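So that we are looking at the same thing, I have put the structure below in C-alpha cells.
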Amino acid sequence: MQTTKLLFTGPMGAGKTTAIQLISEVTAVKTEVANLDRRQHNKATTTVALDYGELTLDDGAKVLMYGTPGQDRFNFMWTILAQGALGAVVLLDNSRPDPLADMNNFLDGFPDLVARRALVIGVGRTESHHRPSIESYTQALQDRGLLLPIYAVDVRERDDVLLLIDSLLSLAEA
Ligand SMILES: Nc1nc2c(ncn2[C@@H]2O[C@H](COP(=O)(O)OP(=O)(O)OP(=O)(O)O)[C@@H](O)[C@H]2O)c(=O)[nH]1
Ligand SMILES: [Mg+2]
C-alpha cells in the first residue's frame, strides 16, 4: 500500500495542530505545552516538537501528516520534519501583522519543496480579515516566480483541510 508523508507548517496559531487533530483517524500525537509567548499569539498552548496524524484516502493510500511548531525558536525542526515529505501545506493567518512576510518566511525555510513546487497555501481568518487579498498572495508568489495553489480556508472545517491535502497530492502527481 502506498504511504505518503505530508508536512503542515506555518506561523504560530495558524492552525496546524487543529487541522491534523481534526482529520487524523488515529489519536493524533500532540506535543503541546502552555503558551508563554502570548505576545505572538494569545492561545493557551503551543506545539514544541511536532504534530502527527494519519489518514487513509478512498483509494487505500495512507497519508502521514506531520506538523511543525510555529514558534521561531523551533525553526531547527523544519528541516528534520520535512525529510522525505512529498509536499507541504503552508497555513497562514490573515489576522497576523504581516501574513505575506510569513508566507515568504516559510517558503524560504523549505527550498527543496519550493524547487519541486510541492506546496499549497491555505489562508485562514480571511472572513474577519479581508486583507491581504488572495490576489496579493498570488502576486507575492508570482514575484518569486511561483504559481502555487492558494485557498482561503477554515482549518476547523474538515472539508477545507481535505481540500488542501487533495490539492497537494494532485500537484505532486502532476
Ligand atoms: N475564529 C477562528 N479561529 C480559527 C480559525 N482557524 C483556526 N482557528 C483557531 O486558531 C487556533 C489555532 O491553534 P493551533 O491549532 O494550536 O495552531 P498551531 O498552528 O498549531 O500553533 P503553534 O503550534 O503554536 O504554532 C485554534 O484555537 C483554532 O480553533 C478561523 O478561521 N477563525
Ligand atoms: Mg501546533
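Between a residue in segment 111-137 that is free of Cβ contacts under 8 Å to residues at least 60 places away in the same chain and in a loop (DSSP other than H, G, I, E, B) and any residue that is surrounded by 15 or more Cβ atoms within 10 Å (Cβ to Cβ) and basic (Lys, Arg), which pairs come within a Cβ distance under 9 Å, given they are 6 or more apart or on different chains?
Final answer for the pair search is 125/96; 129/96.
Take segment 56-79 and flag every residue that is among the aliphatic types (A, V, I, L, M) and either under 15 Å from residue 18 (Cβ atoms) or loosely packed, with under 12 Cβ neighbours inside 10 Å (or both).
Within segment 56-79, just 65 meets the criteria.
Go through (1) of a type in the set (D, E, K, R); (2) in a helix (DSSP H, G or I); (3) away from ligand 2 (no atom under 16 Å from the Cβ); (4) at pLDDT below 95 for residue 108 and report which single condition fails.
Residue 108 satisfies all of (1) of a type in the set (D, E, K, R); (2) in a helix (DSSP H, G or I); (3) away from ligand 2 (no atom under 16 Å from the Cβ); (4) at pLDDT below 95 except (4).
Confirm whether residue 16 is buried (at least 19 other Cβ atoms within 10 Å of the Cβ) and out of contact with any helix residue (DSSP H, G or I) (no Cβ under 9 Å at 6 or more places or on another chain).
The answer is yes for residue 16.
Residues checked against (1) over 18 Å from residue 40 (Cβ atoms); (2) aromatic (Phe, Trp, Tyr):
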| site | (1), (2) |
| --- | --- |
| 74 | no, yes |
| 96 | no, no |
| 107 | yes, no |
| 138 | yes, no |
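Further, regarding this structure: From the list 120, 89, pick out the single residue that is within 16 Å of ligand 2 (Cβ to nearest atom), closer than 19 Å to residue 53 by Cβ and crowded, with 22+ Cβ neighbours inside 10 Å.
89
I'd like to know if segment 87-105 contains one or more residues that are in a loop (DSSP other than H, G, I, E, B), closer than 21 Å to residue 3 by Cα and touching a residue at least 12 places away in the same chain (Cβ under 8 Å).
No, segment 87-105 contains no residue that is in a loop (DSSP other than H, G, I, E, B), closer than 21 Å to residue 3 by Cα and touching a residue at least 12 places away in the same chain (Cβ under 8 Å).
Still on this structure, I have one more. Residue check, residue 172 against (1) at pLDDT 95 or above; (2) more than 16 Å from ligand 1 (Cβ to nearest atom); (3) of a type outside the set (Ser, Thr, Tyr); (4) in a helix (DSSP H, G or I), all met but one. Which one?
Status for residue 172: all satisfied but (1).
The values are calculated or read from the model by the stated rules, or taken from the named source; none is laboratory data. Small disclaimer: the values here were computed from a predicted structure and weren't measured. Backbone-built Cβ (ideal geometry, glycine too); neighbour counts: all protein chains shown.
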